[in-house]
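The values are calculated or read from the model by the stated rules, or taken from the named source; none is laboratory data. Everything quoted here is computed from the prediction, not taken from an experiment. Cβ atoms come from the backbone with ideal geometry, glycine included; neighbour counts cover every protein chain shown. Areas reflect the complete protein model, heavy atoms only, side chains present, ligands, DNA and RNA absent. Shrake-Rupley method; radii C 1.70, N 1.55, O 1.52, S 1.80 Å.
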There are 2 protein chains.
Amino acid sequence: MDAYLQLEKQFKKLASYHHLTAICGWDQATMMPDGGNDARANAMSDLAVLCHETLVAPEVGEWINAIDEHIDTLTDEQKINVREIKRQWAHATVLPSDLVEAKSQAGSKCEHQWRKQRQNNDWEGFATNLKSVVTLSREEAKKRAAHTGLTPYNAMLDLYEPGMTTEKIDALFADLKSWLPALTQQIIEKQKTVALISPEGPFSTEKQANLGQQLMSLLDFDFNHGRLDVSVHPFCGGVPEDVRITTRYDEEDFTSAIMGVIHETGHARYEQGLPKHLSGLPSAEARSMGIHESQSLFFEMQIARSPEFVAHIAKMAAETFERQADPAFSLANMNTLYKRVQPGYIRVDADEVTYPAHIILRYEIERGLIEGTIEVDDIPALWNQKMQEYLGIDTEGNFTNGCMQDIHWTDGSFGYFPSYTLGAMYAAQFMHAMRKDVDVDACIRNLDIKPISAWLEKNIWSKGSTLSTEELVIQATGEPLNPEYFKQHLISRYLNS
Amino acid sequence: MDAYLQLEKQFKKLASYHHLTAICGWDQATMMPDGGNDARANAMSDLAVLCHETLVAPEVGEWINAIDEHIDTLTDEQKINVREIKRQWAHATVLPSDLVEAKSQAGSKCEHQWRKQRQNNDWEGFATNLKSVVTLSREEAKKRAAHTGLTPYNAMLDLYEPGMTTEKIDALFADLKSWLPALTQQIIEKQKTVALISPEGPFSTEKQANLGQQLMSLLDFDFNHGRLDVSVHPFCGGVPEDVRITTRYDEEDFTSAIMGVIHETGHARYEQGLPKHLSGLPSAEARSMGIHESQSLFFEMQIARSPEFVAHIAKMAAETFERQADPAFSLANMNTLYKRVQPGYIRVDADEVTYPAHIILRYEIERGLIEGTIEVDDIPALWNQKMQEYLGIDTEGNFTNGCMQDIHWTDGSFGYFPSYTLGAMYAAQFMHAMRKDVDVDACIRNLDIKPISAWLEKNIWSKGSTLSTEELVIQATGEPLNPEYFKQHLISRYLNS
């Protein structure tokens with residue numbers, strides 16, 4: 001029992017250090033003047049070392065070993081904490097420190113130079129750095145595989161989506177690939193005859209921020225435990241007690257900032273709803289990247305892009321920008337706008353119908369990179385071939401908006417991409433299950449979000465990391481992840497309405 | 001040499017932790033929603049423990065001991081670092097940890113309850129807590145005295161104003177007391193016949209902030225290394241590379257927020273001007289509380305309240321608030337306003353003529369509290385007697401605006417108060433010396449602040465903590481602190497103009 005209490009104390013201290021990391025990281029992205037960057041980077045780097053040292057301290061290993069002898073004296077909640085502590089500790093200790101150091105340096109260099117190289121469409125320069133990152137990531141994956149008994153790529157997946165495997169993803173993505181291309185074509189065909197009027201700016205930043213905050217309030221974001229600010233790349237940061245979300249404003253187009261705010265509000269409500277009585281312990285943390293994304297996509301795709309909610313957005317936007325007479329702000333037009341499906345180069349700009357193609361492509365390539373069946377030099381041709389096949393788009397010679405568009409691979413975050421599409425599928429399945437208990441459409445129509453929140457809080461947020469992802473999904477919906485609900489959601493929204 | 005490099009490394013790590021403390025502390029006061037406070041307080045407390053552990057780690061003591069053997073191999077700059085490292089280390093290690101813990105707890109309790117007790121004029125309740133703080137502070141002072149060979153109160157002074165002693169302060173304050181009361185009466189008499197028109201609000205927060213930023217720019221605040229925000233209690237925080245100053249706005253009165261911004265700009269420019277090549281080392285830190293205050297008061301009292309600068313404020317304020325025709329914004333009236341002398345209850349609201357009386361009173365009482373010649377129960381009567389004597393103000397029974405108005409004693413910061421008036425005297429002496437090299441009035445008239453900044457940067461800012469306070473003042477002005485310059489400044493501004 002002593003060893004357990006020591007572990008709790010150590011992990012609560014670690015949570016404090018993560019708190020400081022989150023707030024100073026948020027400040028760096030939102031408030032800090034440029035000239036403060038070197039000193040901040042230095043302070044954050046010392047803090048990262050401290051976090052790592054706190055997690056891998058020799059006594060942590062001793063406590064973990066000691067605990068197995070009296071595991072039966074622990075409560076169920078404590079046993080779950082031990083499970084998650086072991087998971088985090090294993091992830092942190094399994095790699096030799098020279099490999100951690102080498103990957104961190106190669107990743108920093110690759111990411112830093114990528115920012116310029118992407119602008120210059122400089123694939124050759126980027127490929128040189130990426131090769132080092134891939135070499136070290138392969139080594140990392142092998143070490144993780146040896147420790148966990150998983151395959152190398154599954155061991156990487158486990159960092160972001162514990163329990164997820166290529167076997168499961170292959171089945172899910174094969175299913176998607178069997179119907180999504182044809183469905184996409186049908187939707188595009190159907191939308192061809194529908195005219196869209198783009199709202200014309202300028203839309204002041206102040207009014208956009210005001211509209212964003214109104215929508216956050218409607219969605220029960222707790223402003224006593226969080227805030228909205230501006231950053232170049234939108235994110236959800238901070239800590240559960242003080243969640244910091246950001247967006248960016250384009251004075252010519254308010255529609256994307258507003259939907260971005262709603263997306264981050266979904267992430268934020270998950271964080272705000274994590275179990276408070278476990279605060280600071282690993283079991284109180286968000287379950288996985290896929291479940292996190294399921295909550296942002298639940299708010300964005302399942303709630304906010306529904307015709308019932310778009311009606312509110314249209315009305316509030318027209319009032320905020322004083323455009324009540326502007327046909328671009330009509331309910332019909334706003335619905336057309338927020339439902340528009342169009343294959344494009346850029347993942348982060350994709351609609352929910354074409355988004356999975358971007359992910360499947362990345363999954364197939366990054367898995368090959370880690371397993372050694374694909375080399376860095378193969379990427380551009382494979383990218384072009386798959387973009388042609390999945391979305392009918394030619395990316396030959398266009399590295400900037402092709403295989404160099406994402407940050408993930410630059411620092412070796414292989415295994416992350418599938419989370420996005422898993423999140424979309426989880427979200428659709430949660431909505432299907434929720435509809436059995438809650439009259440969702442009526443709730444949205446009447447702006448009565450409480451029953452929706454209550455369902456999510458009970459089934460997802462309050463569970464933290466106490467269940468495995470699969471247990472969480474089965475307890476919430478009665479079955480494991482099933483892509484059928486995502487399919488039905490797309491058909492119902494884009495073909496049958 | 002090894003021991004020295006180890007110490008440098010340790011203190012740079014400590015500087016990183018102080019960086020995190022500064023930014024998260026700033027966030028807590030300016031950005032954090034209320035609901036985030038418990039988690040933040042917890043994270044900050046873990047960080048404070050970490051800072052302390054980093055400073056008092058056993059190896060630090062070993063390196064310090066080892067260094068004396070090869071001190072001759074170090075450069076002069078390194079020797080200075082060693083001197084300051086030893087000073088910080090001694091301050092942190094001289095107290096037994098149970099005393100540190102007890103004082104921290106008594107101080108937190110006293111400060112926390114004081115916020116309510118002050119509102120309720122509850123002296124009895126406050127006195128109970130303050131007695132514990134005084135008892136522990138006496139013990140602290142004795143331990144520090146035994147270690148340094150100073151008297152107990154001098155050992156406390158040394159925390160805030162290294163090298164300052166009661167002998168020196170007694171002489172300085174005796175001088176002040178010999179002429180200031182009569183001068184104050186003369187000034188009040190003189191000002192009786194001068195009418196003052198108070199500018200009438202509302203003055204929007206946005207416009208006040210805009211005016212504040214214009215004035216910061218005029219005073220060469222570097223916005224690439226700092227920013228201005230809002231907090232309940234104005235302060236200068238952050239780090240030299242990223243200085244965060246704050247103010248508070250009253251929509252009925254812009255004059256005090258604006259002057260507050262200029263005051264904090266003085267603190268900020270000192271921080272921004274500290275020696276960059278020593279960044280992260282103790283010798284790069286600000287010299288003392290008194291020197292810090294001398295810079296804020298230099299900007300506020302010596303520059304900004306001069307008639308030459310008030311002319312700019314009057315014009316810019318009239319433009320910003322569109323009051324060009326308002327007689328309250330005339331140069332003559334703004335000068336009258338910013339020169340008004342009036343004895344009052346509250347230290348932080350006092351003008352520069354009556355301010356020293358507030359400090360002398362506190363110094364005399366707190367010194368007696370530490371030396372054991374005054375008890376907590378004596379404070380209210382002494383406060384009333386000295387307020388009557390120095391400022392002609394009756395505080396009997398008025399604890400809220402009397403002896404309970406300040407936060408300093410609540411957590412046992414005895415020895416801090418003299419810094420304010422030392423700062424005012426340093427500032428006047430620096431101005432006197434600067435005038436030998438710089439045509440200050442012409443610079444201010446022409447808004448050419450560069451020569452003034454250059455003098456301060458060369459003589460004060462770039463010195464960091466490389467000199468003792470006395471060496472700094474002698475090198476900058478040719479003599480030790482001399483209250484005559486403060487006297488001449490007051491006579492010249494308030495009687496002879």
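Answer rounded, prolate or oblate for the range B:2-149, using the Cα gyration tensor with square roots of eigenvalues a ≥ b ≥ c: rounded when a/c is under 1.5, else prolate when a/b is larger than b/c, else oblate. Oblate, since a/c reaches 1.5 and b/c is not below a/b. Placing +1 on the Cβ of every Lys and Arg and -1 on the Cβ of every Asp and Glu, with nothing else charged, gives the range B:61-107 a dipole about its Cα centre of roughly 240 debye.
Straight-distance candidates among the aspartates and glutamates for linking to residue A:207, with alpha-carbon spacing under 14 Å and chain neighbours fewer than 8 residues away dropped: A:229, A:250, A:251, A:252, A:253, A:319, A:322.
Once the gyration tensor of the Cα atoms in the range B:1-61 is diagonalised, the equivalent ellipsoid follows with semi-axes of 30, 12, 5 Å, ordered largest first. Within the accessible surface of chain B, defined with a 1.4 Å probe on protein heavy atoms only, the carbon and sulfur portion equals 51 percent.
Counted residue by residue at 0.36 nm each, then reduced by the alpha carbon distance between them, the extension gain from residue A:179 to residue A:206 reaches 5.4 nm.
All distinct Cα pairs of the range A:107-250 go into the 1/r average, and the inverse of that average, the Kirkwood radius, is 20.7 Å.
Label-point spacing for residue B:344 across the identical copies (point 7 Å from Cα in the Cβ direction), in nm and ascending order: 5.7. Taking Cα centre as origin and charging only the Cβ of basic (Lys, Arg, +1) and acidic (Asp, Glu, -1) residues, the dipole magnitude of chain A rounds to 640 debye. Of all beta bridges that DSSP places with both ends in the protein assembly as shown, some 50 percent have antiparallel geometry. Chains B and A together bury roughly 2500 Å² of accessible surface, counting both sides and using a 1.4 Å probe on protein heavy atoms. Extension gain, residue A:88-residue A:217: 0.36 nm per intervening residue step, less the Cα-Cα distance, totals 43.0 nm. Restricting attention to chain B, close to 50% of DSSP beta bridges with both partner residues there are antiparallel.
Taking a ≥ b ≥ c as the square roots of the eigenvalues of the alpha-carbon gyration tensor, the range B:413-486 is classed prolate because a/c is 1.5 or more and a/b outweighs b/c. Contact order, relative form, for the range A:1-93: 46 percent (alpha carbon pairs under 8 Å, 6 or more residues apart, mean separation divided by residue count). In a fully extended conformation the segment linking residue A:2 and residue A:112 would gain 35.1 nm over its present Cα-Cα distance, using 0.36 nm per residue. For residue A:91, the solvent-accessible surface with a 1.4 Å probe is about 40 Å², rounded to the nearest 10. Simple spin-label estimate for residue B:435 and residue A:342 gives 7.0 nm between the two label positions (7 Å along the Cα-to-Cβ direction from each Cα).
Once the cut-off is 46 Å, how many percent of the Cα-Cα pairs in chain B end up in the long-distance tail? Taking all Cα-Cα pairs of chain B, the fraction more than 46 Å apart is 10 percent. Any lysines with Cα under 17 Å of the residue B:450 Cα? List them, leaving off those in the same chain fewer than 8 positions away. Answer for residue B:450, where 17 Å is the Cα cut-off: B:436, B:458, listed by chain and number. The order of A:32, A:334 by accessible area, most exposed first and with a 1.4 Å probe, is A:32, A:334. Protein heavy-atom accessible surface, 1.4 Å probe, per residue over the protein assembly as shown: 41 Å². How big is the accessible area of residue A:68 in square angstrom, nearest 10, if you roll a 1.4 angstrom probe over the protein chains? Spelled out: residue A:68, probe radius 1.4 Å, area about 80 Å². Taking amide H as placed 1.01 Å from N in the peptide plane, the amide H of residue A:239 sits under 5 Å from that of A:244, each at least 5 places away or on another chain. The three principal axes of the Cα atoms in the protein assembly as shown give end-to-end lengths of 95, 71, 57 Å, sorted in falling order.
Residue-level result for chain A: its Cβ closest to the axis carrying A onto B, with that distance in Å, is A:20, 3. The charge dipole of the range B:285-389, taken about its Cα centre with unit charges on the Cβ atoms of Lys, Arg (+1), Asp and Glu (-1) only, comes to about 400 debye.
Ordered shortest first, which distances in nm separate the 7 Å Cα→C-beta label point of residue B:479 from those of the other copies? So the distances to the same position in the other copies read 9.3 nm. When GluC sites (Glu not before Pro) are flagged only if DSSP places them in a loop and at most 15 other Cβ atoms lie within 10 Å, the longest unflagged stretch of chain B comes out as B:1-199. Treating r as the C-beta distance of residue B:79 and residue B:56 and R0 as 25 Å, the FRET efficiency rounds to 0.65. With 28 Å as the limit, the listed pairs B:192/B:315; A:86/A:276; A:143/A:386; A:12/B:12; A:9/A:109 have A:143/A:386; A:9/A:109 beyond it between alpha carbons. How much FRET efficiency would the formula 1/(1 + (r/R0)^6) give for residue B:189 and residue B:488, where r is the Cβ-Cβ distance and R0 is 25 Å, rounded to 0.05? Efficiency, rounded to the nearest 0.05: 0.80.
Ranked from shortest, the separations from the 7 Å Cα-to-Cβ label point of residue B:326 to its equivalents in the other copies are 3.5 nm. Going from the chain on its own to the full set of protein chains, the range B:29-43 has these residues losing 20 Å² or more of accessible surface (heavy atoms, 1.4 Å probe, no ligands, DNA or RNA): B:31, B:33, B:35, B:36, B:39, B:40, B:43.
Which of A:37, A:54, A:89 sits farthest toward the positive end of the charge dipole of the range A:1-93, with +1 on the Cβ of Lys and Arg and -1 on the Cβ of Asp and Glu? Value computed over the given set: A:37. Of the residues B:153, A:355, the one with the largest accessible area comes first in the ranking A:355, B:153, computed with a 1.4 Å probe on protein heavy atoms. With coordinates expressed along the principal axes, the C-alpha atoms belonging to the range A:70-182 extend over 61, 47, 23 Å, beginning with the largest. Modelled this way, with points 7 Å down the Cα-to-C-beta line, the labels at residue B:458 and residue B:315 are 2.8 nm from one another.
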